[in-house]
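In what follows, a structure is listed as structure tokens, so that the remarks can point back to it.
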Amino acid sequence: MKLTDHEKSMLDGEHGAPVQKAMEILVALGKIYDAERLIPIQSAHVAGLSLKSHGVAGMEWVEEMAASAAKVCIPTTLNVIGLDRSRDLGLPEDWCDKQMRIGKAYECMGCYGNSSCVPYYHGFTPRFGEHIAWAESSAVVYTNSVLGARDNREGGPSALAAALTGRTPLYGYHLDAERLANVHVRVSARLRNLADYGALGAFVGKRFSNAVPAFSGLSAMRTEDHVYLGAALASSGGVALYHVLGMTPDALFNDDKVLAKDCIELEVTEKELTMGREQLCSGTSRQIDYVAVGCPHCSLNQLAELARLLDGKKVNSGVTMWIHTNVAIKGLAAQLGIIDAIERSGAVVTQDLCTILSCPEALGFKNVVTNSAKMAFYAPGSNGFNIWFDDVARCVDAAVTGTYTE
């Protein structure tokens, strides 16, 4: 792999040990994927910040990096963590203390402490064709697909290495030739809500893991529709890029010529959509103790919808309802009176955290309803939850009655 003189100096340790270690990681990745060179990037997003992901050894490692004066050289955001830094949710004290130490170490390295899986909702929005190094599966698929940025599905260490050097190897989805679709999904099913987009993504992702799907038959998609489709594709199938013909930027800029010659054809009818929903349900008992919404983090529109659905209602005394968002969206929603409207019902609007990467299971929760295909996919393994997957209106009904009914 060819390196510039400046890159060689970083690899040789002339810019300090943290940068040298970062370059060693990037050069090793480049060799694995046959990258001919490194390329400059404009931003990074570091994931894996939860104590569940880091563990104590990872916490100590990142603290050592911060203590060694490691500093990011490009705008760098942080992914969700395992606690709400604005309030006490009753999570174990030792868990919270260690989680705070992890976050502070990254902030000491110059990362922005706005922990969220949707940084594009609050100002960190890559442009079409811009090269970045973002981790977190739902963030990666959104930037690649909806924004048309160029990004591989980075891990936490490689994203941090890229942030410390301002470089990433040139391979994968940074190359236009690698962005062609190898599955053409013709959608004839009617998609009515975010859960339907999640079910579509879950079905296609499970059927074609690590594919690049191109969808036809979709129209008038909102931002949130893309977010929930992409998150489901990424969690169920490891998808990092999709196209919607006539809509997403790669397709538009190339006159919809984004289908590879040997593209596989797949039709999704109501039957397949139902299958996508069913594969996300692992619930047995319909007596619900936890309702979780906001994975990926809720947008302002989603919070406003929840305020309307919860208006005049009370969350059942035997149910905890957490609604996840980030500090920026929560602040804006608070100014508009949306947070008060939601929390009058007994629901709690959290910031920074994610159910999957937190430990709400420590509070005794077991039977969960969610409208998130991503949460439904990961939470049984990550949290030991029994999951019912449905639209947000059914989530609210379950929170109020304490029972899930289809």
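The values are calculated or read from the model by the stated rules, or taken from the named source; none is laboratory data. Just so it is clear, the structure is predicted and the values come from calculations on it, not from any experiment. Backbone-built Cβ (ideal geometry, glycine too); neighbour counts: all protein chains shown.
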Quick one: is V327 within 24 Å of the chain's Cα centre (by Cα) and closer than 30 Å to L89 by Cα?
-> yes
Among residues of the stretch 294-330 being of a type in the set (K, R) and either in contact (Cβ under 8 Å) with a residue 12 or more places away in the chain or not assigned by TED's automatic domain parsing to the domain that holds K374 (or both), the residue surrounded by the fewest Cβ atoms within 10 Å (Cβ to Cβ) is K314
*asked:* Condition check: outside any helix (DSSP H, G or I) and not hydrophobic (A, V, I, L, M, F, W, C). Does N152 satisfy that?
replied: yes
Looking across the stretch 291-321 at residues that are among the hydroxyl-bearing types (S, T, Y) and out of contact with any Leu (no Cβ under 8 Å at 6 or more places or on another chain), the single one that is nearest to A199 (Cα to Cα) is S299
E343 vs (1) more than 23 Å from the chain's Cα centre (by Cα); (2) on the phi > 0 side of the Ramachandran plot; (3) acidic (D, E): all pass except (2)
### Query
Just wondering, is there one or more residues in the stretch 259-279 that are touching a residue at least 40 places away in the same chain (Cβ under 8 Å) and touching a Cys at 6+ places or on another chain (Cβ under 6 Å)?
no
Restricting the stretch 135-149 to residues that are in contact with a strand residue (DSSP E or B) (Cβ under 9 Å, 6 or more places away or on another chain) and in a loop (DSSP other than H, G, I, E, B), the one surrounded by the most Cβ atoms within 10 Å (Cβ to Cβ) turns out to be E136
Looking across the stretch 118-134 at residues that are assigned to a loop (DSSP other than H, G, I, E, B) and of a type in the set (A, V, I, L, M, F, W, C), the single one that is modelled with the lowest pLDDT is F124
Quick count over the stretch 369-403, residues being in a loop (DSSP other than H, G, I, E, B) and within 29 Å of G238 (Cβ to Cβ), is 6
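Would you check if R308 is more than 29 Å from F128 (Cβ to Cβ) and either assigned to a loop (DSSP other than H, G, I, E, B) or more than 21 Å from the chain's Cα centre (by Cα) (or both)?
Numbers: more than 29 Å from F128 (Cβ to Cβ): yes; either assigned to a loop (DSSP other than H, G, I, E, B) or more than 21 Å from the chain's Cα centre (by Cα) (or both): yes.
Spelling it out, R308 is indeed more than 29 Å from F128 (Cβ to Cβ) and either assigned to a loop (DSSP other than H, G, I, E, B) or more than 21 Å from the chain's Cα centre (by Cα) (or both).
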For the stretch 1-35 the number of residues that are under 26 Å from A66 (Cβ atoms) and among the β-branched types (V, I, T) is 3
Checked A149, A161, A139 against criteria (of a type outside the set (D, E, K, R) and free of Cβ contacts under 8 Å to residues at least 24 places away in the same chain); the one match is A149
